[in-house]
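J.: This structure is in structure tokens; I'll ask about it shortly.
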Ligand code: ATP
Ligand code: MG
């Protein structure tokens, strides 16, 4: 009989275990802690949405919609898409559930996203993001709060010093249109030197050229007009309020007047937290204000601002976190001891002690394994000690050992 072939993982997906999983989990745990400090409530939204949720709001000519979405017809013939980002789905949920009554809402979530991209270091087809949104707030202080959350997250992850907040404003509709016209004039003058992709973008979505990573475009982008000359007074005031707030909150930032974001829905504030430690995949957090998005989904005009952070990229930057280690490992010697150990380990766990038990091998092997687990203690259950109602509590840090009454074991471990 032919040997069955082992299936492989889908390209661009990852299996995580050990340090990789611990890094990943540490990023999410830290996010969850910091979001509470900033009063962001957790939210969960589906991984799958009607395709229109993304196609309409992200912009048909963006890379994500035109080439990266996992869209398919389900068995009922409806076109559905695996979410390539969080914001549109959260905006959809906001409208579906009538969450306007809670506005302004500060929301946070984390989970998997899907984009059909060329996999490389820091770029996957199933990747994961942390996401934070403030919906229903037009005030620049909402932008400041949101950026403060990102800033503190990076600090608590221990990576703030290698990451820079780069900030821009895209202005309001009028500013953007004027800037767009100036950019078209600039690119038309350098048309023959642009990449093919950007010549295509020039006709459809010229702001996108500023975000190009093609070296031919980068040279032309360096001399492209920034937005400053095209800002309306209102847009300028809004941006000044944001930067004043950032300074007051002690959040460091730098200006890049040519920064744009990969999706079409941004207005006013746009930003990226960038590092040079991840090669070409240097953006770890990206976001901005998306006052027009909810209207593109058929809702009322609703100002909002948000960011998304790549969990894998953050996980690569942090120091390896301390792995999960039990407080104690039980080492029963003999069958009778094993039966007592089952009752004892259940009692320890109910008392809130992380306890594990070696199943196999002689005492030496089991102790070695207990040591390797990173546990603070081993509890050795020998027949003689059990007969006296005791166990040996071994401190794995200094090797010392003492007899403790079984009834006092939990207390002795907790007291340490
Ligand atoms: P990039 O310019 O790197 O493609 P983007 O502008 O497409 O990023 P956003 O849509 O703003 O990214 O998503 C926010 C963050 O999510 C990015 O800054 C990055 O950290 C992460 N991210 C985006 N796409 C991927 C991916 N394919 N794999 C891993 N992380 C990703
Ligand atoms: Mg991208």
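J.: Please state the Cα pair-distance histogram of the chain with 20 angstrom bins from zero: what percent is in each bin?
T.: With a bin width of 20 Å, the distribution comes to 22, 43, 23, 10, 1.
J.: Any chance you could run the full-extension gain for residue 95 through residue 408? It's 0.36 nm times the residue separation minus the Cα-Cα distance, nm to one decimal.
T.: Gain on extension, residue 95 to residue 408, equals 107.0 nm.
J.: In region 328-415, what percentage of the DSSP-assigned beta bridges are antiparallel, given to the nearest 5?
T.: Bridges in region 328-415 that DSSP calls antiparallel: roughly 55 percent.
J.: Still on this structure, I have one more. So, in nm, how far is label residue 233 from label residue 139 when the simple model puts each one 7 Å beyond its Cα toward the Cβ?
T.: 2.4
J.: Next question. Dividing the alpha-carbon Rg of region 328-415 by 2.2 N^0.38 Å yields what?
T.: Against the compact-globule rule of thumb, the ratio is 0.95.
J.: Right, next: For n ≥ 4 DSSP H runs only, could you compute -39500 (n - 2.57) per run for the chain, divide by its residues and tell me the 222 nm figure to the nearest 500?
T.: After summing the helix terms and dividing by residue count, I get -11000 deg cm²/dmol.
J.: Would you please give the FRET efficiency between residue 324 and residue 383, computed as 1/(1 + (r/R0)^6) with r the Cβ-Cβ distance and R0 = 30 Å, to the nearest 0.05?
T.: Plugging the Cβ-Cβ distance into 1/(1 + (r/R0)^6) gives 0.45.
J.: If you stretched the chain out fully between residue 48 and residue 184, how much longer would it get, using 0.36 nm times the residue separation minus the C-alpha to C-alpha distance?
T.: The residue 48-residue 184 span can extend by a further 45.3 nm.
J.: Below 8 Å between Cα atoms, with a sequence gap of 6+, how large is the relative contact order for the chain in percent?
T.: Relative contact order for the chain comes out at 16 percent.
J.: Name the residue, out of 196, 85, 117, whose mean-square fluctuation peaks in a Gaussian network model built on the chain with Cα pairs under 10 Å.
T.: Top of the fluctuation ranking is 196.
J.: Further question: May I ask you to order 401-414, 292-305 by the average number of other C-beta atoms within 10 Å around their residues, highest value first?
T.: 292-305, 401-414
J.: Something else: Only Cα pairs under 8 Å and at least 6 apart count here; give the relative contact order of region 371-414 as a rounded whole percent.
T.: 31
Read the figures in this text as sums done on the coordinates, not as results from a lab. A quick note: this is a predicted structure, and the numbers were derived from the prediction, not measured. Neighbour counts run over all protein chains shown; Cβ positions are idealised from the backbone, glycine included.
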